[in-house]
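The values are calculated or read from the model by the stated rules, or taken from the named source; none is laboratory data. These figures come from a predicted structure and were not determined experimentally. Positions of Cβ are generated from backbone atoms using ideal geometry, with glycine treated the same way; all protein chains shown enter the neighbour counts. Calculation scope for accessible area: heavy atoms of the full protein, side chains included, ligands and nucleic acids excluded. Shrake-Rupley method; radii C 1.70, N 1.55, O 1.52, S 1.80 Å.
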Amino acid sequence: MSQGLDTRADDGSHTGPRHVAIIMDGNGRWATQRGRPRLFGHHAGAKRVREIVESCPDVGVEYLTIFAFSTENWKRTQVEVAGLMDLFRRYIAKETRALAELGARVRFIGDRESLDAKLVKLMEKLEKATAGNSKVNLTVALNYGARDEVSRATKLLAEDVARGLLDPANVDEETVSRYLDTRVLPDPDLVIRTSGEARISNFLLWQSAYAEYEFIDTLWPDFSREEFASLCASYGERDRRFGGVKK
Ligand code: FPP
């Protein structure tokens, strides 16, 4: 066990969250506080990602899902959007080896159709290069919006019904989950949002129906592995009932 708090109980069982999803917010404000352009904050934010991925095995987190770019983020200035896309391309090219060495399996969720072809190629290359890893599952939500995901899933499901591959009478929650971008992932146990905003912002709406939420004041570039470990440890002390009653 390296840094951070252990989330294992005395009997060795794991009490921490298996899947943590993070809305990485506050990069812009962090940069503004320093009199720097917003992209400076995004670059600082990107550096935190590796540290948090690295610390996942220490706190027993098997799945980490991070919100990198939303379907609504296109509304930002052209300079910021272009800067973020450039950051994603550089980050993926630069981090592929490090993430592979960490034993991370990387996946992307979101709509790839409107992303730059070069970026999509890098994303696919990273997914392929890390497909054999299983130490930690990193999922990056890029051009992701939960309503967009559900709309795309509904379209696919309707197409299968039209083709006679699916009987509408058999559609249940498990069927719907199979059409979502997250089909191979377990639902998040804990959703963290940094920077003091208490909103979900169209992130994993279906999947987080029973998740615990932590809204913390820290701006994303200041988020540390210690704070991550501490949030995972407090999760272990909560009493999740999934709508039922305590046993
Ligand atoms: C929100 O901060 C952050 C984003 C929209 C971008 C998140 C991207 C990163 C952390 C960069 C790298 C990620 C990867 C996977 C390489 P904000 O701009 O909304 O901050 P503000 O609310 O203070 O303006």
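Could you go through the stretch 146-159 and let me know if any residue there is open to solvent by 50 Å² or more (accessible area, probe 1.4 Å) and within 16 Å of the ligand (Cβ to nearest atom). Within the stretch 146-159, not a single residue is open to solvent by 50 Å² or more (accessible area, probe 1.4 Å) and within 16 Å of the ligand (Cβ to nearest atom). Enumerate the pairs (first residue in the stretch 44-55 and acidic (D, E); second residue anywhere and more than 8 Å from the ligand (Cβ to nearest atom)) with beta-carbon separation below 8 Å, excluding pairs fewer than 6 apart on the same chain, so at least 6 apart or on different chains. Between residues of the stretch 44-55 that are acidic (D, E) and residues that are more than 8 Å from the ligand (Cβ to nearest atom), the close pairs are E51/S224; E51/R225; E54/L102; E54/R225.
Taking the listed residues A153, A68, A141, A169, the one that is under 22 Å from L204 (Cβ atoms), part of a helix (DSSP H, G or I) and small (G, A, S) is A153, with no other qualifying. Taken as a whole, the condition of being within 21 Å of A198 (Cα to Cα), in contact with a helix residue (DSSP H, G or I) (Cβ under 9 Å, 6 or more places away or on another chain) and surrounded by fewer than 18 Cβ atoms within 10 Å (Cβ to Cβ) applies to R29. Here V81 passes the criteria (1) buried (at least 17 other Cβ atoms within 10 Å of the Cβ); (2) within 11 Å of the ligand (Cβ to nearest atom) except the one numbered (1). E101: farther than 20 Å from I52 by Cα and surrounded by fewer than 18 Cβ atoms within 10 Å (Cβ to Cβ), yes or no? Spelling it out, it is not the case that E101 is farther than 20 Å from I52 by Cα and surrounded by fewer than 18 Cβ atoms within 10 Å (Cβ to Cβ). Number of residues in the stretch 32-63 that are surrounded by fewer than 16 Cβ atoms within 10 Å (Cβ to Cβ) and within 19 Å of T218 (Cβ to Cβ) equals 6.
The residue of the stretch 161-216 that is farthest from G236 (Cα to Cα), among those that are in contact with a Ser or Thr (Cβ under 8 Å, 6 or more places away or on another chain) and open to solvent by 70 Å² or more (accessible area, probe 1.4 Å), is R183. Taking the stretch 219-237 as the range and being of a type in the set (S, T, Y) and open to solvent by 30 Å² or more (accessible area, probe 1.4 Å) as the test, the residues that pass are S230, S234.
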